[in-house]
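**Student:** Pasting a structure below so you can have a look.
The values are calculated or read from the model by the stated rules, or taken from the named source; none is laboratory data. If you're wondering where the values come from, they're calculated on a predicted model, not measured in any experiment. Don't worry about glycine lacking a Cβ; one is built from the backbone with ideal geometry, like all the others, and counts go over all protein chains shown. All accessible areas refer to the heavy atoms of the entire protein, side chains included, with ligands and DNA or RNA removed. Shrake-Rupley method; radii C 1.70, N 1.55, O 1.52, S 1.80 Å.
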Amino acid sequence: MNYWQPKLELMDRAELEELQLRRLKSTVESVYKCVPFYHESMLQAEVSPGEIQSLKDLKKLTTTRKANLRENYPFGLFAVPRDHVVRVHASSGTTGKPTVVGYTARDIETWSDMMARDFMMVGVTKQDVFQNAVNYGFFTGGLGVHYGIERLGAMAVPSGVGSTERQLEIMQDFGVTVLHCTPSYALYLAETAKANGVIEKLKLKIGCFGAEPWSDEARRDLEETLGIKAYDSYGLSEMYGPGVAFECQEQNGLHIWEDHFLVEILDKDEEPCAPGEAGELVLTSLTKEAMPLLRYHTGDVTYITEDGEGCNCGRVSRRLHRFLGRADDMLVVRGINVFPSQIEDVLVSIPEIGNHFQVIVDRPKHGLDELSIKVELKDEAFTGELGDLTKVQKKVEEKLKAVLNLRSRIELVEKGSIPRTAGKSQKIVDLRKI
Ligand code: DLL
């Protein structure tokens, strides 16, 4: 088994906690001194850096939310002088200004090592040819992953988000062995490769997919179609970007790098969830210099896997269950809470249905909310008989009713008619004017 940073990946828990405390203290001191927002919020909470004496003292600090980043747009949360910031990235939300994040040269180094650690963990070596098929702009998946590939010493192929045919051509011509992109784009690439009859010409072994939630069924589909092992990759711009948590070869939860982040899982009242109970992931950065964040609400719902034993791969860091959705993705339809992942779980359990779907919520004038779901049928499910289609439709509607306790309308659509994108797919369309 190969480790990129064996000392850090394998250190025992007591040693890790000592390191965490040291780093927490220096992070708190830095933001108290250099970031007016944190200085103010610590004064208000009546806590000074000197009071952080153990990891438990973390809860004395107030949490940070995305809104705080927006209020301090663009550079208000930087903890270092402007000339120490060598790069910015930004993530565009659906509303308002984007959130901007900054990096010192050392931050870029730390991040690249974190990514190299992830790639080595899933078996990438210097011999690999690694295609990065994501947007190379403000999105952290482009440059962040690219620097990690180079740090490890594999060959980086920065194909970006060009045409799908061209991506496949490069994959064949360059003998690409590792692919990084969003899982929805990977499904589209796989679908296109199959349709064009080029699967056999691919040399892919490993897929690293992230930036959006994806199901186990999608994983199986990608692994089978492309003949690879597919790994879940999690990250967010506010905490460097990709690389924050990553599956190892056990594919049993995502190792979160606790030498870089303090992990909390909190409920709606900001109280810690019981082990194994799902809640919002809240992270404190321990190594970021340009823009450290204390107790940052990621908005992502997960839990820490509790199987008592450490991981077979030997790494000490705890593992997060694959993400269940976003705290703010929860739809309230006719008063009932619905998570898109619940809908996805039902859909993937029905063999006739493909991997693409879109949930549409609407509210007719003076009417009740309506939930409709567009789903694509698998090619094999097309028998040409209308009766068969109606049967599938009924089956999906009944199953969803049983799980969600809510009636929905299923619209079976032709394969390929739900928009494909190289970025994050839009699984929910809320047309209600609320
Ligand atoms: O998506 C960073 C990234 C790039 C991660 C490439 C993995 C691969 P943002 O654009 O800031 O950064 O979006 C972060 O995306 O809070 C989650 O809601 C979602 N997300 C990221 N990875 C996963 C994942 C990048 N593996 C937001 N599963 C996060 C579920 C994910 N959701």
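**Student:** Can you name every one of the strands (runs of 3 or more DSSP E) wholly within region 312-420 that holds 2 or more residues which are out of contact with any Leu (no Cβ under 6 Å at 6 or more places or on another chain)?
**Tutor:** It comes to 331-333, 353-362, 370-377, 409-413.
**Student:** Of a type in the set (S, T, N, Q) and under 16 Å from residue 32 (Cα atoms) - does that describe any residue in region 88-100?
**Tutor:** No - not one qualifying residue is present in region 88-100.
**Student:** Quick one: which of 300, 269 is among the acidic types (Asp, Glu), open to solvent by 10 Å² or more (accessible area, probe 1.4 Å) and not in a loop (DSSP other than H, G, I, E, B)?
**Tutor:** 300
**Student:** Can you find a residue that is of a type in the set (D, E, K, R), open to solvent by less than 30 Å² (accessible area, probe 1.4 Å), outside any helix (DSSP H, G or I) and assigned by TED's automatic domain parsing to the domain that holds residue 169 anywhere in region 108-120?
**Tutor:** no
**Student:** Mind checking which residues of region 405-426 are touching a strand residue (DSSP E or B) at 6+ places or on another chain (Cβ under 6 Å) and open to solvent by less than 80 Å² (accessible area, probe 1.4 Å)?
**Tutor:** Within region 405-426, 406, 408, 410, 411, 412, 413, 418 meet the criteria.
**Student:** So, restricting to strands (runs of 3 or more DSSP E) that lie completely within region 205-257, which ones have at least 1 residues that are surrounded by fewer than 17 Cβ atoms within 10 Å (Cβ to Cβ) and near the ligand (Cβ under 9 Å from one of its atoms)?
**Tutor:** Passing ranges: none, list empty.
**Student:** For a quick check of your reading of the model, give me the residue pairs whose first member lies in region 1-18 and is among the charged types (D, E, K, R), whose second is in a helix (DSSP H, G or I) and at pLDDT 95 or above, with beta-carbon atoms closer than 7 Å and at least 6 apart or on different chains.
**Tutor:** 9/117; 17/55
**Student:** I've got another one for you. Just to be sure before I move on: is residue 171 more than 16 Å from the ligand (Cβ to nearest atom) and surrounded by 23 or more Cβ atoms within 10 Å (Cβ to Cβ) in the structure I sent?
**Tutor:** yes
**Student:** Let me ask you something else. How many residues does region 190-225 contain that are of a type outside the set (Phe, Trp, Tyr) and under 19 Å from residue 149 (Cβ atoms)?
**Tutor:** Qualifying residue count for the region: 9.
**Student:** Moving on to the next point. From (1) open to solvent by less than 10 Å² (accessible area, probe 1.4 Å); (2) within 16 Å of the ligand (Cβ to nearest atom), pick out the condition that doesn't hold for residue 280.
**Tutor:** (1)
**Student:** Restricting the search to region 312-332, which residues are more than 16 Å from the ligand (Cβ to nearest atom) and open to solvent by 20 Å² or more (accessible area, probe 1.4 Å)?
**Tutor:** Matches in region 312-332: 312, 314, 316, 318, 332.
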